Amino acid sequence: MENINLPLILTIGVFFTGLVWLFDLLVLAGPRQRKIDAVESQFKERDVSSAHSKDRDLYNLAMDQAEREPVIVEYSKSFFPVLLIVFVLRSFIAEPFQIPSGSMEPTLDIGDFILVNKYTYGIRLPVINKKIIDINDPERGDVMVFFPPHLPDTYYIKRVVGLPGDLIRYESHQLFINGEPVPEQLQAALPAGAPQYRLVRETLGEHEFTSRKYIRPGQFSRRGAWRVPQGHYFMIGDNRDNSFDSRGWDDPFVPEDHIVGKAVAVWMHWDSLFSLPSFDRAGTIE
């Protein structure tokens, strides 16, 4: 989804601005306060209360110079609280993403802006993504953001199909889990009159959603069987014949420490800079 390492950039920003603020508090603030006290002492006996007093102008000038902070300290004090709030929210609460591909159509369209819950599957340290507090495990049917094993710095979004220990089989557009076919119900064959794909309603765990299955196999159509190892998950896109997922990776399983969070809602859709954003698709993700 995005290749820029924003967690690392944000962590460095918080650390640097916080360190500058702390250095100012422990090292620079004392001498600055002594300069301020010296100015107060120097003008103590002078009349600086009158707005027309020359002493007042000198006092203000001297005080401005005494109170002046280095530019890097001034900017760090301004940015640190904002960066810290964003860091906490983005690392431990929720994070926004934009959908760049059609692998999850029709559930998620290109240009959808989604919200990802970062704590559902446990609290993780930013950058290294190590879980420190266990909360819940991914459930079958969840839409999850993660780092695939072959691209550990790139965000992917797919649906959780296989849990640890499951036997997954995909053949002739039919998904089987532990030998049982996943229930599905035909919704439409489109375009009408000359259908190229089917929309089917599927059920995985507590999730009901629509998947797209092309009548002719696509470039990412895969068949095979996979046993999911412990601590790993098998991921498939809802656009079954146009999704590069666990079925096609050399290492098909997503390890637990590659999980980013659970996609919970679409909050905006924006195709491009030359179009207007829309909120028609806003809502929870099935």
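The values are calculated or read from the model by the stated rules, or taken from the named source; none is laboratory data. Here the structure is a predicted model, which means the values were calculated and not measured. Every residue, glycine among them, receives a Cβ derived from its backbone with ideal geometry; neighbour counts consider all protein chains shown.
Tabulated data for the structure shown
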quantity	calculated
Single unsatisfied condition, E95 versus (1) among the acidic types (D, E); (2) surrounded by fewer than 16 Cβ atoms within 10 Å (Cβ to Cβ); (3) not in a loop (DSSP other than H, G, I, E, B)	(2)
Residue that is surrounded by the fewest Cβ atoms within 10 Å (Cβ to Cβ) [pool: residues in the range 157-185 that are at pLDDT below 95 and on the phi > 0 side of the Ramachandran plot]	S172
Residue check, G205 small (G, A, S) and over 31 Å from the mean Cα position of the chain (by Cα)	no
Selection status of S101, in a loop (DSSP other than H, G, I, E, B), small (G, A, S) and at pLDDT below 95	yes
Checklist (1) surrounded by fewer than 20 Cβ atoms within 10 Å (Cβ to Cβ); (2) within 18 Å of L108 (Cα to Cα) applied to V266, failing item	(1)
Residue in the range 229-245 that is surrounded by the fewest Cβ atoms within 10 Å (Cβ to Cβ), counting only those that are within 21 Å of F97 (Cα to Cα) and of a type outside the set (F, W, Y)	N242
Some residue of the range 52-63 being at pLDDT below 95, among the hydroxyl-bearing types (S, T, Y) and either assigned by TED's automatic domain parsing to the domain that holds D271 or part of a loop (DSSP other than H, G, I, E, B) (or both)	yes
Residue identified as surrounded by fewer than 16 Cβ atoms within 10 Å (Cβ to Cβ) and either assigned to a loop (DSSP other than H, G, I, E, B) or at pLDDT 95 or above (or both) among T154, T120	T154
Test result for P126, in contact with a helix residue (DSSP H, G or I) (Cβ under 6 Å, 6 or more places away or on another chain) and not assigned by TED's automatic domain parsing to the domain that holds I12	yes
Residue in the range 129-149 that is without any contact (Cβ under 8 Å) to a residue 24 or more places away in the chain and under 27 Å from S272 (Cα atoms) present	no
Residue in the range 202-211 that is charged (D, E, K, R) and closer than 28 Å to H150 by Cβ present	yes
Pairs, first more than 15 Å from D64 (Cα to Cα) in the range 20-43, second of a type in the set (V, I, T), C-beta under 7 Å, six or more apart	V20/I72; V20/V73; D24/V73; L28/V73
Candidate set: the range 228-245, residues that are out of contact with any helix residue (DSSP H, G or I) (no Cβ under 9 Å at 6 or more places or on another chain) and aromatic (F, W, Y); chosen: the one modelled with the lowest pLDDT	F244
Sole residue being under 19 Å from the mean Cα position of the chain (by Cα) and either among the acidic types (D, E) or under 22 Å from N5 (Cα atoms) (or both), chosen from P100, P81	P100
Unmet requirement for V254, which otherwise passes all of (1) in contact (Cβ under 8 Å) with a residue 40 or more places away in the chain; (2) β-branched (V, I, T); (3) surrounded by fewer than 12 Cβ atoms within 10 Å (Cβ to Cβ)	(3)
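For (1) surrounded by fewer than 12 Cβ atoms within 10 Å (Cβ to Cβ); (2) in the same structural domain as V160 (by TED's automatic domain parsing); (3) within 21 Å of S172 (Cα to Cα), each residue gets a yes or a no:
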| site | (1), (2), (3) |
| --- | --- |
| Q196 | yes, yes, yes |
| L204 | no, yes, yes |
| H258 | no, yes, no |
| S275 | yes, yes, no |
